[in-house]
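Structure first, then comments.
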Amino acid sequence: MNSYIDIKYINLIQSSLSMFKKKGDFLWNFRCPYCGDSQKSRTKARGFVYRKKNDLFYKCHNCGVGTTLGGLIKYVDSKTHKDYILERYKTGSDHQISKPEFEFNEPVFRKKGLFKNLQKISELFSEHPARKIMEERQLPLKSLTDLYLCKSFYKFTNNLVPNKFPSLDGDHPRLLIPFRDKDGEIFAYQGRVFGKEEPKYITIILDHNEDKIFGLNTTTKDKGILVVEGPLDSLFLDNCIAIAGASFRKPLMIEGRLMQNRELTIIFDNEPRNKEICKQIDRSINQGQRMVIWPKSVVQKDINDMILSGMTKEEIEKIIKENTFSGVEAKLKFSEWRKTNV
Ligand SMILES: [Zn+2]
């Protein structure tokens, strides 16, 4: 999309929108102009403009109206809409917006007790299959106190995010991994399968203003932070966050502060034949990040495998420390690593 034009026009119509407020990147909220929003409360605002894939859409959680951003502009101000169409046309961004999808849901406000009715893995009896699976991975015992068994993942999620799963067919249990902010409030969670269901991980966002970073409640930015991809891997190391499906490309913000390259150590899986990983490492080196390039002596493909092979956390942390590189040195080590066949 041409976000510059879209944002410009949202700002142009905002004076016609009551209680207009920018709530985040690509998220705006105001009283719904279609239904007039709540008649009882003058301060309720349930209309949202939000981004889906590459386009902006409008949805009201009071009357259920859903349309494209263009549709909203047209409804609010047909004259401005003509300019909008023309300007998009001129810049070649007037592609057909295929079909709006309206799975967007109003952010659930963060809550500490969101999972209070679920069983912690640490509370399951020792022979319980869910507990056995986690113990077989040798996750630190203390981490089992903040991982949960969710017996019906679709149903549980629909209660928090209405209609996230339009059908409950095929509902199944998942391990819930909460993403907590510094205060311990849950702003997202990941559901990981116990069996062979696909996809292996489903991430549910409750607050779209927050970056999908796992481990904010257990790390301090006062010392170097390790950054891995998977939440479960991050549990093995001290002061480690997981970027969990978010991008390493974007600058990392923690508690509103942009993290500097020197404060972070980026750790990818040890998979030199994985093209996607190589691409990401290459890009991160070019951005000046400090990277772990695994030495030849390590044959395991990720931190969990290293633990399972008998390495201790301290041993892994030592390898990480001794094999963190940046700049030219990182490039050199990276090209050597790519040639190994793990
Ligand atoms: Zn409405």
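Quick notes
- Counting 0.36 nm for each residue step from Thr220 to Asn11 and taking away their Cα separation leaves a gain of 71.5 nm.
- Cross-link pairs Lys52/Lys164; Lys40/Lys116; Lys212/Lys318; Lys151/Lys200; Lys22/Lys74 - those with Cα-Cα distance over 23 Å: Lys40/Lys116; Lys212/Lys318
- Given charges at beta-carbon only (K, R positive; D, E negative), |dipole| of the chain in Debye: 920
- Exposure of Glu210 as accessible area (Å², to 10), given a probe of 1.4 Å and all protein chains: 50
- Probing with 1.4 Å while keeping every protein chain in the model, the per residue accessible area of the stretch 3-90 equals 54 Å².
- Summing charges over neighbours of Gly191, with a neighbour being any other residue whose Cβ is under 13 Å away from its Cβ, gives +3 when K and R count +1 and D and E count -1.
- Loop-resident sites, the stretch 36-84, for trypsin sites (Lys or Arg not before Pro), counting at most 14 other Cβ within 10 Å (DSSP): Lys40, Arg42, Lys44, Lys53
- In this simple spin-label approximation, Glu322 and Asn274 carry label points 7 Å from Cα along the Cα→Cβ vector, and these lie 2.4 nm apart.
- Solvent-accessible surface ranking, highest first, for Asp25, Asp305 at 1.4 angstrom: Asp25, Asp305
- By the Cβ distance rule of under 4.7 Å, the chain has these cysteines without a partner: Cys150, Cys240, Cys278.
- Mean-position separation - Cα centroids, the stretch 203-251 and the stretch 132-180, in angstrom: 18
- Computed with a 1.4 Å probe over protein heavy atoms only, the accessible area of Met19 comes to about 90 Å².
- The mean sequence distance of close C-alpha pairs (under 8 Å, at least 6 residues apart), as a share of the length of the chain, puts its relative contact order at 9 percent.
- About its Cα centre, the dipole of the stretch 117-206 is roughly 100 debye, where the only charges are +1 on Lys and Arg Cβ and -1 on Asp and Glu Cβ.
- Relative contact order (percent, whole number), the stretch 3-90, Cα cutoff 8 Å, 6+ residue spacing: 23
- Packing-based ranking, highest mean first, of 314-320, 264-270 given that Cβ atoms within 10 Å are counted: 264-270, 314-320
- Positive contributions from Lys and Arg (+1) and negative ones from Asp and Glu (-1), summed over other residues with Cβ under 15 Å from the Cβ of Lys40, come out at +3.
The values are calculated or read from the model by the stated rules, or taken from the named source; none is laboratory data. What you see is a predicted model, and the numbers here were worked out from it, not measured in a lab. Methodologically, a virtual Cβ is constructed for each residue, glycine included, from the backbone with ideal geometry; neighbour enumeration extends over all protein chains shown. The accessibility values were calculated without ligands, DNA or RNA, using every heavy atom of the protein model including side chains. Shrake-Rupley method; radii C 1.70, N 1.55, O 1.52, S 1.80 Å.
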